[in-house]
1. Relative contact order of the chain: what whole-number percent is it, with Cα pairs under 8 angstrom and at least 6 residues apart?
2. Among 143, 95, what is the fewest-to-most ranking by other Cβ atoms within 10 Å?
3. Roughly speaking, what is the centre-to-centre gap between the range 65-119 and the range 137-157 when only Cα atoms are used, to the nearest Å?
4. Taking the beta-carbon count within 10 Å as an exposure proxy, list 120, 36 from fewest neighbours to most.
5. What angle do you read, to the nearest 10 degrees and between 0 and 90, between the alpha-carbon axis of helix 21-32 and the longest principal axis of the chain?
6. With the Cα gyration tensor of the chain giving a ≥ b ≥ c as the square roots of its eigenvalues, does the rule (a/c under 1.5 for rounded; else a/b larger than b/c for prolate; else oblate) give rounded, prolate or oblate?
7. Specify the residue with the greatest mean-square fluctuation among 76, 54, 146, computed from a Gaussian network of the chain linking alpha-carbon atoms under 10 Å apart.
8. At residue 69 and residue 88, where each label point lies 7 Å from the Cα along Cα→Cβ, what is the point-to-point distance in nanometres?
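Derivation of every value follows stated rules applied to the coordinates shown; laboratory data play no part. The model shown is predicted, which means the values in this text are computed figures rather than measured ones. Ideal geometry is used to build each Cβ from the backbone, glycine not excepted, and the neighbour counts take in all protein chains shown.
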């Protein structure tokens, strides 16, 4: 279990070590290193997801480890309350950034081993604190430093606890 303590409250996440071991261990590594502390949820889109895990309050990117292999073909569906890896258009480009689905986003699921079909790897789920995720999702947003959908008042991950 991982607890992300934010300035809006705690989010408790259970990792899927059995089906997505590479992704879950990658997330756990960042947690154990304290990487996420001081990062923000920098992208929130109502009815879709909240994204964090790579930028500080000044929207500066933190140095990340190398990208990991995409396990979306092994993970669950992008349903409300699941946590998945964010990535670029390249299927195997995920590193530290993640998002929590605030809706059923099955269009993000794996459908084929092609660039268009790889999808986004679900590697766990929120087991407590979806009310906090909902509060993050409701945050008024704007554009800042070249980023869109940024909460006007930063939502900061202050502490990460691994149990």
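1. Numbers: 405 pairs, mean separation 56.9, N = 163.
35 percent.
2. Numbers: 143 9, 95 19.
Exposure proxy ranking, most exposed first: 143, 95.
3. With the range 65-119 and the range 137-157 each reduced to a Cα centre, they are spaced 22 Å.
4. By the 10 Å Cβ count, ascending, the order reads 36, 120.
5. 20 degrees
6. Details: a/c = 1.38, a/b = 1.27, b/c = 1.08.
Judged from the Cα gyration tensor, the chain comes out rounded (a/c under 1.5).
7. Answer for the Gaussian network model of the chain: 146.
8. So the label points at residue 69 and residue 88 sit 2.1 nm apart.
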